[in-house]
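Below is one structure; the comments refer to it alone.
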Amino acid sequence: QVDRYLYHLRLSDDVLLDVMARFQAEMVKGLGRDTNPTATVKMLPSFVRSLPDGSEKGDFLAVDLGGSQFRAHQVKVFDDGKQSSQLESKFYPTPKEVTQGNGAELFEYVADCLSDFMETKNLKHKKLPLGFTFSFPCKQTKLEEGVLLAWTKHFRVRGVQDTDVVSSLRKALQKHKDIDVDVLALVNDTVGTMMTCGYDDQRCEVGLIIGTGTNACYMEEMRHINLVEGDEGRMCINTEWGAFGDDGALDDLRTEFDRELDLGSLNPGKQFGKLGAQQMLNPRKQPLSPGYFWECCGKHITGNSVDFSWASRTLAVHCGFFTFYLSPSTTSLFLNPCFPKLETFSSYSPKLAGGLITEGDEANHAPEACESLKSLSVPARYAKRLHKVVRRLVPTCDVRFLLSESGSGRGAAVVTAVARRLATQRRRIDATLAPFLLPLDILREVKDKMRAELEYGLKRETQADATVKMLPTYVCGTPDGTEKGKFLALDLGGTNFRVLLVKIKSGRRRSVQMYNKIFAIPLEIMQGTGEELFDHIVQCIADFLEYMGIKGARLPLGFTFSFPCRQASIDKGTLVGWTKGFKATDCEGEDVVDMLREAIRRRNEFDLDIVAVVNDTVGTMMTCGYEDPNCEIGLIAGTGSNVCYMEDMKNIEIVEGNEGKMCINTEWGAFGDNGCIDHIRTKYDREVDEGSLNPGKQRYEKMTSGMYLGEIVRQILIDLTKQGLLFRGHVSESLRKRGIFETKFLSQIESDRLALLQVRRILQQLGLDSTCDDSIIVKEVCGVVSRRAARLCGAGLAAIVEKKRENRGVERLQITVGVDGTLYKLHPHFSRVLRETVKELAPQCDVTFMLSEDGSGKGAALITAVAKRLHNVGQK
């Protein structure tokens, strides 16, 4: 007969897995801005954004409202390296006239109790921060603000629902002129439980209460929380999962006993978490007694005990909920013995439910959770069965249980301590990064100064002293579609050197075919002698010609030489100075085309017709100009930074003639070498500059190009670490290594799709042992540095397009910019910020950005083809 009554209370693992799937769907609904209003699981943001890191310290007050007693606490947090704290508490009754009265009386009672506690502890002379544990569903918009959604448990206070409970408490406290308390945090008891355990174990990121009520919270990544603005960092979500099933999702699991209990409760039809709460297990009598079952089902069952399946079933529902935060991993399972009262669990491979569960290779890092069993009368077998069910449902997860001590009191103080630490850290981080946040008026000033430097570089009398050299390229036309033939192209501009064969077809089947081979340039060659460098280049050319079977052909050649050159004609280029790590001797001041011809003669194996020496920026413009005739500007935003554009000959005083146009290679990387932008350079820029191969030169490039951004980030990280704001204040040997933080890591870290765990993995690859909070700060630093680079680059480009508009004498300019470079192509935000900045600073210019396809290779061949075409036209 007993079995017949208990049959429906036994749940299989398949049923539990089905419950998990239902709950996953509710979590997704709860986190969505549009679906949250209809979700039963409200997924309330708590605005708790960080776990304790061990650096918290000081005296804190906490008050705890939500149970049968009101509690006031004094918590001392010690910064002694042991993460120790001291808790002193006093308990006060919560009379029915308070819990069932009006709001003013409730909060005045809380203030009176706190005043009495402070007097008892001789604290009235101190100004102390306070954490307010309020164990009821609240909608928070700030850490210190929360609107009560509904009363639960035995509280039915009038005039409080839909009001900010922190404001109500503050008003009550203001009546006590003899105490000075600053309410910094509103905390749910579940959140407090998690934070208490998080203070002892930083892997604790989930909190669970199973006692008078039931609830769970966990640390969620901001990118998954549509209810709150912002994508960076994390926030604790208070699920309020007790209402799961209020929409009927659990009706098939509810028994007649559950329905009768629900009808007899204070809130019928709500909080179906009653299926597992202690008050439903045994409101008044001994656990699982015959009288209790008579109360539940209206039928008399004789005997003195019953099958323990009832507790197993209640446990199973909670375990089903419990395991929504766990997911398969390759780790082994570890479970400590668990006791009744307050406990916590940890999972080393959690994932969020439903749509938030990522693929296996995107698993989040290991959290922990806190579980309160609140002295259940059910024996310790309850906890043991909890462990067993968790182990069965997620067998590949490691789980550890940890006792929490006064989660609602000590936890509130810990939340307050963390909030104060974060506020202090935030001020110091903001002060460090503030110089990188360039307002619009500063960017306009940069644009105006760039425009002035452009003019200095074009004028005969000022060109010698100009920092922006405005070098004539003698490229006097763009492709018109009639170019054809076979051309060789050389591309020297970085640690790799390319040789290309380019076949150009004209007419209806207009096309460009390319064949290339890449050769490395060893460091000893880059920084050796000029003769060694050009001999190595010719060796690479010989290997390529033999590889392609064209060693006997005398083909026209375009030489992409991506360094500042002063040209006297299209096939003569005198090196002004090395950049990008090259320091080959006996090259500066020499004609690089002559040096290449001499090296070919020394080898004496082949001959080539060197038609043009080309800058990669010009090649980028020509490549895009082949597709779009409106393209008259080329931009490189990669390892280096540069711009070229088609200038009217009448404005180029350093070249004879006034007719037509010529491409000007600005070499704008040297902008600021005269000190005109020193006021926006930070101490980190100066440190990077001083440690570079060319200190005092290319200052603008060092603020905008990929070669230097990672090093700027590294310098900032060192400073923040020395301030104790990162990596536990320890500057590791890895962080001390110059060049370790490559710019590609900025692109990876700033990716919107990258979870914090993956950011931590990148930092670990660099030998940087980081917490999640460290990862958030590193990501912010990367974002600030790359955004400044894009904004500065945009300010310079705005000066160019405005000049083009004035040259044409039009009110509104439409123009295309050909762009190349890894920073523009691969960084997740650089291109967008650049475009937005140009639009802001040059509102009368409609600028289209066009990605270049191999400007330094294909572009060199096209320049050579255009030069040949123009030469032939001139001969005719």
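The values are calculated or read from the model by the stated rules, or taken from the named source; none is laboratory data. On a predicted model such as this, the values are computed, not experimentally measured, just so you know. Positions of Cβ are generated from backbone atoms using ideal geometry, with glycine treated the same way; all protein chains shown enter the neighbour counts.
Table for the structure above
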{"quantity": "Selection status of ILE776, surrounded by fewer than 24 Cβ atoms within 10 Å (Cβ to Cβ) and either touching a Ser or Thr at 6+ places or on another chain (Cβ under 7 Å) or not assigned by TED's automatic domain parsing to the domain that holds VAL643 (or both)", "calculated": "yes"}
{"quantity": "Residue match in the stretch 59-66 (condition: acidic (Asp, Glu) and under 27 Å from GLY159 (Cβ atoms))", "calculated": "yes"}
{"quantity": "Unique match (being touching a His at 6+ places or on another chain (Cβ under 8 Å) and of a type outside the set (Asp, Glu)) among ILE521, ILE550, ILE541", "calculated": "ILE521"}
{"quantity": "Where LEU768 falls short, out of the listed (1) in a loop (DSSP other than H, G, I, E, B); (2) surrounded by fewer than 19 Cβ atoms within 10 Å (Cβ to Cβ)", "calculated": "(2)"}
{"quantity": "Filter pass, ILE677 being buried (at least 24 other Cβ atoms within 10 Å of the Cβ) and in contact (Cβ under 8 Å) with a residue 12 or more places away in the chain", "calculated": "no"}
{"quantity": "In the stretch 1-33, residue farthest from the chain's Cα centre (by Cα) [restricted to those that are outside any helix (DSSP H, G or I) and in contact (Cβ under 8 Å) with a residue 24 or more places away in the chain]", "calculated": "GLN1"}
{"quantity": "Residue within the stretch 90-113 that is within 23 Å of PRO268 (Cα to Cα), in the same structural domain as ALA62 (by TED's automatic domain parsing), touching a Pro at 6+ places or on another chain (Cβ under 7 Å) and not in a helix (DSSP H, G or I) present", "calculated": "no"}
{"quantity": "Yes/no for LYS868 being of a type outside the set (Gly, Ala, Ser), touching a residue at least 12 places away in the same chain (Cβ under 8 Å), surrounded by 24 or more Cβ atoms within 10 Å (Cβ to Cβ) and closer than 28 Å to PHE561 by Cβ", "calculated": "no"}
{"quantity": "Test: residue in the stretch 562-573 that is more than 45 Å from the chain's Cα centre (by Cα) and basic (Lys, Arg)", "calculated": "yes"}
{"quantity": "Flag for VAL166 being in contact with a Lys or Arg (Cβ under 9 Å, 6 or more places away or on another chain), assigned by TED's automatic domain parsing to the domain that holds CYS138 and surrounded by 15 or more Cβ atoms within 10 Å (Cβ to Cβ)", "calculated": "yes"}
{"quantity": "Leading residue by the ranking (farthest from the chain's Cα centre (by Cα)) among those in the stretch 597-620 that are surrounded by fewer than 24 Cβ atoms within 10 Å (Cβ to Cβ) and of a type in the set (A, V, I, L, M, F, W, C)", "calculated": "PHE606"}
{"quantity": "Within the stretch 808-876, helices (runs of 4 or more DSSP H) holding 1 or more residues that are touching a strand residue (DSSP E or B) at 6+ places or on another chain (Cβ under 7 Å) and more than 25 Å from ARG787 (Cβ to Cβ)", "calculated": "858-875"}
{"quantity": "Candidates LYS839, LYS825, filtered to the one that is surrounded by fewer than 24 Cβ atoms within 10 Å (Cβ to Cβ) and free of Cβ contacts under 8 Å to residues at least 24 places away in the same chain", "calculated": "LYS839"}
{"quantity": "Any hit, the stretch 212-223, residues being touching a Gly at 6+ places or on another chain (Cβ under 8 Å), part of a helix (DSSP H, G or I) and buried (at least 24 other Cβ atoms within 10 Å of the Cβ)", "calculated": "no"}
{"quantity": "Residue, surrounded by the most Cβ atoms within 10 Å (Cβ to Cβ), within the stretch 538-574, restricted to residues that are farther than 15 Å from VAL592 by Cβ, touching a residue at least 12 places away in the same chain (Cβ under 8 Å) and not hydrophobic (A, V, I, L, M, F, W, C)", "calculated": "PRO556"}
{"quantity": "Qualifying position, being at pLDDT 90 or above and acidic (Asp, Glu), among ASP774, ASP752, ASP719", "calculated": "ASP719"}
{"quantity": "Only one of ASP586, ASP535, ASP591 that is of a type in the set (Asp, Glu), within 14 Å of LEU492 (Cα to Cα) and surrounded by fewer than 21 Cβ atoms within 10 Å (Cβ to Cβ)", "calculated": "ASP535"}
{"quantity": "Total residues in the stretch 131-154, condition assigned to a loop (DSSP other than H, G, I, E, B) and either of a type outside the set (Phe, Trp, Tyr) or out of contact with any Gly (no Cβ under 7 Å at 6 or more places or on another chain) (or both)", "calculated": "10"}
{"quantity": "Failed item, numbered, when LYS82 is tested on (1) assigned to a loop (DSSP other than H, G, I, E, B); (2) in contact (Cβ under 8 Å) with a residue 40 or more places away in the chain; (3) in the same structural domain as ALA419 (by TED's automatic domain parsing)", "calculated": "(2)"}
{"quantity": "Test result for ARG426, of a type in the set (Lys, Arg) and under 26 Å from the mean Cα position of the chain (by Cα)", "calculated": "yes"}
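Matching residues to (1) at pLDDT 95 or above; (2) crowded, with 22+ Cβ neighbours inside 10 Å; (3) over 25 Å from LEU797 (Cβ atoms):
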{"residue": "GLU653", "(1), (2), (3)": "no, no, no"}
{"residue": "GLU656", "(1), (2), (3)": "no, no, yes"}
{"residue": "GLU667", "(1), (2), (3)": "no, yes, no"}
{"residue": "ASP673", "(1), (2), (3)": "yes, no, no"}
{"residue": "LYS702", "(1), (2), (3)": "yes, yes, no"}
{"residue": "GLY739", "(1), (2), (3)": "no, no, yes"}
{"residue": "GLN748", "(1), (2), (3)": "no, no, yes"}
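Yes/no matrix, rows are residues, columns are (1) closer than 30 Å to HIS536 by Cβ; (2) modelled with pLDDT under 95:
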{"position": "ALA412", "(1), (2)": "no, yes"}
{"position": "THR416", "(1), (2)": "no, yes"}
{"position": "LEU422", "(1), (2)": "no, yes"}
{"position": "GLN425", "(1), (2)": "no, yes"}
{"position": "PRO435", "(1), (2)": "no, no"}
{"position": "ILE442", "(1), (2)": "no, no"}
{"position": "ALA464", "(1), (2)": "no, yes"}
{"position": "LEU492", "(1), (2)": "yes, yes"}
